[in-house]
Amino acid sequence: MIEGFHAEVNLDAIGRPVQALINVRLHPKIREAVEGFRDYVAALPETLAVFVVSGGDDFIIQLAVRDASHLRDFVLDHVARHRDIADVRTSLVYDHIRKTSVEVLPPQAPSGRRTSRKR
């Protein structure tokens with residue numbers, strides 16, 4: 001089912017050739033902190049996407065910036081200084097491949113495993 005479509009922006013052409021992923025862990029992990037940080041970082045112009053995730057980190061932020069200095073300033077000025085941040089890790093994106101089509105998965109075959117055990 002198609003829910004919409006989009007155009008892809010050439011980030012190099014608009015002066016934002018450097019992409020990065022920022023992994024963020026919050027403390028405390030309460031609804032107000034999660035939603036507040038999510039909304040704050042999503043509104044910043046450098047942000048391309050915000051993923052709220054499970055596991056050791058709470059967020060993965062995808063952004064596009066001018067250069068390494070801009071990335072450093074973004075992390076220091078907008079992420080690390082936020083009051084609920086416990087940890088920040090930044091990774092530069094060397095290459096990014098986006099699929100342009102999504103296939104429907106075949107139906108899941110029965111596993112043959114029983115869901116309950118008799119004692």
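Where a number appears in this text, it was derived from the coordinates with a stated rule and is not lab data. The structure presented is a predicted model; accordingly, all values stated were derived computationally and were not measured. Cβ atoms come from the backbone with ideal geometry, glycine included; neighbour counts cover every protein chain shown.
Worth pointing out:
- Charged-residue dipole, Cβ positions (Lys, Arg, Asp, Glu), the chain about Cα centre, Debye nearest 20: 1080 debye
- Surface/4 estimate of mean projected area, convex hull on alpha-carbon atoms of the chain, nm²: 12.3 nm²
- Toward the positive end of the charge dipole of the chain, with +1 on the Cβ of Lys and Arg and -1 on the Cβ of Asp and Glu, the farthest Cα among GLY56, VAL75, GLN19 is that of GLY56.
- Debye intensity ratio I(q)/I(0), log10, the range 20-70, q values 0.14, 0.22, 0.29 Å⁻¹ (C-alpha model): -0.35, -0.79, -1.16
- Within the range 18-119, the GluC sites (Glu not before Pro) that combine a DSSP coil assignment with at most 12 other C-beta atoms in a 10 angstrom radius are GLU103.
- Of the residues ILE97, LEU44, HIS6, the one whose Cα sits farthest toward the positive end of the charge dipole of the chain, with +1 on the Cβ of Lys and Arg and -1 on the Cβ of Asp and Glu, is ILE97.
- When only alpha carbons are used to place a centre, the range 1-31 and the range 38-98 end up 8 Å from one another.
- FRET efficiency for the pair SER101 and PHE51, taken as 1/(1 + (r/R0)^6) with r the Cβ-Cβ distance and R0 = 25 Å, rounds to 0.70.
- A simple spin-label model places pseudo-atoms 7 Å from Cα toward Cβ; at HIS6 and HIS82 they are separated by 1.9 nm.
- For the range 68-99, applying the loop criterion from DSSP together with a ceiling of 11 other beta carbons within 10 Å to the trypsin sites (Lys or Arg not before Pro) yields ARG81, ARG83, ARG98, LYS99.
- Nearest-0.05 FRET efficiency for ILE14 and TYR94, computed from C-beta distance (R0 22 Å): 0.65
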